[in-house]
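Working notes for the structure below.
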């Protein structure tokens with residue numbers, strides 16, 4: 001009998017908590033259907049300073065404006081600077097060799113179709129205040145903490 | 001009827017009986033001014049955006065695209081209209097352009113372009129006309145608003161400043177060599193190199209300004 005009561009309490013308590021107060025919403029107005037004016041679009045960080053990558057495989061973020069850059073069947077604006085033959089003239093980093101490989105690792109003469117739409121992976125950063133804190137730590141920070149922990153012992 | 005015409009012919013060709021020479025000269029002058037004014041007004045009318053987008057070819061394609069660009073809305077509130085970029089402000093150029101424009105009216109009458117697809121199919125040709133024109137006049141229309149002398153490159157992004165210093169201020173290139181597609185979508189750009197192409201001279205030699213280079217899928221394998 002005791003066990004049953006405990007179980008019932010365990011099931012009921014979270015429901016009560018939910019009824020007491022809705023979980024806070026992360027985005028948008030609260031209560032939900034209220035209409036509020038859209039916040040202004042935050043500006044792109046276009047200072048031409050390359051950002052550190054969080055891990056070696058990360059597609060680097062774009063440090064310059066890409067407003068109205070056309071990427072379609074007709075033309076790819078990004079490649080006019082980042083393709084091998086133009087990179088030097090504008091001092092842009094050349095797209096790495098992975099962009100010239102198909103999924104079997106074969107090297108192609110031109111940019112691989114799966115890397116053609118650059119903004120699938122590369123995005124500019126804005127000055128927007130993050131809604132949720134980012135507690136990501138890169139591998140060096142973690143290793144450093146581990147090392148300190150070991151040395152401290 | 002014939003008699004009436006004959007009488008008028010005599011009056012018109014014979015020496016003036018009723019009006020002084022002075023009056024006739026003045027009259028001629030006044031009607032000249034009126035005619036010139038009407039001609040000018042007509043030209044001014046055809047020089048307005050409303051006239052350009054009166055045609056569906058212009059309204060449904062290029063005008064739609066223009067509205068998304070920085071030349072339509074920007075923080076400075078300066079709006080570039082079609083004639084700002086497409087018809088030279090100088091009088092002489094103006095007439096020359098108008099003569100060329102009559103060819104467009106022909107195209108409209110005989111319907112060379114009906115659908116978006118047909119427009120896209122012709123777009124490369126039309127764009128090339130504009131590139132050649134702007135190349136030939138050293139991007140005159142762009143410079144009407146953007147003077148290279150007034151450009152403070154220290155206030156530009158480093159990316160822009162670097163390249164302007166290297167190619168623009170040395171006079172090696174002009175705006176349109178590098179800034180294609182600033183107002184409309186670009187056509188298939190196969191074989192059109194960007195203005196900073198290291199092979200520019202070879203490319204230019206191959207086909208008067210529109211040479212080898214960037215294909216849609218990147219490396220052309222030169």
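Efficiency by 1/(1 + (r/R0)^6): what FRET value for residue A:61 and residue B:49, r their Cβ-Cβ distance, R0 = 41 Å, to the nearest 0.05?
Using R0 = 41 Å, I get an efficiency of 0.60.
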Where the centroid of each part is defined by its Cα atoms, how far is the stretch A:39-60 from the stretch B:120-156 in Å? 31
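Within 10 Å, count the other beta carbons around each residue, average over each peptide in A:140-148, A:71-79, and list them highest first.
Working: A:140-148: 10.2, A:71-79: 18.9.
Per-residue Cβ counts within 10 Å, averaged per peptide and sorted highest first, yield A:71-79, A:140-148.
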Against the empirical 2.2 N^0.38 Å scaling, what ratio does the C-alpha Rg of the stretch A:65-128 come to? 1.18
Hey, fewest Cβ within 10 Å first, where do B:135, B:180 land in order? B:135, B:180
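Rule-based calculations on the coordinates, nothing more; no lab input. Bear in mind that the values here come from a model prediction, so they are computed numbers and not experimental data. Methodologically, a virtual Cβ is constructed for each residue, glycine included, from the backbone with ideal geometry; neighbour enumeration extends over all protein chains shown.
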